[in-house]
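Quick notes on the structure that follows.
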Amino acid sequence: MTSPQTSTGTFTPAQLGTITLIGWSGAHPADGSDVAFLLIYSLGDGADGPAVSEAAMRASLERTGLPVGSAPVYAAEQPSLPVKLLVQAGQAVLTLPHFTAQYPAPPEWLAAAAARGEVHAMFATRPWPQGAPGRPVSEEQLRFFAADPEVITTAAHCVLPVRSLG
């Protein structure tokens, strides 16, 4: 059995497991305008189990320059940050050095992302197997996971500029 690695340890992409994105939009507390949110998480189905998936996600994020448990990183202020979000043809494609994932975004999410020109992303280190692709996720289930203080404080947060082709 493999034990979880530290953030300075090694990991393989297979240990990350299935990376999934889920988004929603909601009113910004300061001005009431819609904000696009994106939650990035592993299903915990990595090669060596959920605990190793969690450690691998943490190591991946920290190597990328996204500190876990800190204030949000503003990617527009750090052009060398290797985290990119492309929004095109109803899809949001997120690229990091260790994984790429896409999200078929609903019209209200796309409108909020376009209007603000940015997306607020939370990269959860804690796996969420209940959020598997193809399995319906209710608003209550999403809120229960994404608003859990343990999930929030063990996640990396990033505000990503919206990029598109053309």
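The values are calculated or read from the model by the stated rules, or taken from the named source; none is laboratory data. What you see is a predicted model, and the numbers here were worked out from it, not measured in a lab. Note that we place each Cβ from the backbone using ideal geometry, even for glycine, and neighbour counts take in every protein chain shown. Side chains included, ligands, DNA and RNA excluded: accessible areas come from the protein's heavy atoms. Shrake-Rupley method; radii C 1.70, N 1.55, O 1.52, S 1.80 Å.
Quick rundown of the values:
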| item | result |
| --- | --- |
| Charge dipole magnitude, Cβ of K and R +1, D and E -1 - the chain, Cα centre, debye nearest 20 | 340 debye |
| Rel. contact order, % - alpha carbon contacts under 8 angstrom, at least six apart, the chain | 29 percent |
| Karplus-derived 3J(HN,Hα), 6.51/-1.76/1.60, for each residue of the range 44-52, Hz, glycine and proline x | x, 9, x, 3, 10, x, x, 5, 6 |
| When the chain is reduced to its Cα atoms, the Kirkwood hydrodynamic radius in Å | 16.1 Å |
| Sequence-distant residues sharing a close amide H with Asp34 (under 5 Å, placed H) | His28 |
| Per principal axis, descending, Cα span of the range 110-166 in whole Å | 36, 26, 17 |
| Karplus 3J(HN,Hα) series, Hz, for the range 102-119 with 6.51 cos²θ - 1.76 cosθ + 1.60 (x for Gly, Pro) | 10, 9, x, 7, x, x, 5, 5, 4, 5, 5, 5, 5, 5, 8, x, 7, 10 |
| Derived scalar couplings ³J(HN,Hα) [the range 25-38; Karplus, 6.51 cos²θ - 1.76 cosθ + 1.60; whole Hz; x for Gly, Pro] | 10, x, 5, 6, x, 6, 10, x, 6, 6, 10, 8, 10, 9 |
| Under 5 Å, built H, 5+ apart or other chain: amide partners of Asp45 | Thr18 |
| Solvent-accessible surface (1.4 angstrom probe) belonging to Glu77, in square angstrom, nearest 10 | 140 Å² |
| Extreme residue, positive dipole direction of the chain, given options Ser42, Val87, Ser70 (C-beta unit charges) | Val87 |
| Amide proton proximity set for Tyr74, modelled H, under 5 Å, gap of 5+ | Val159 |
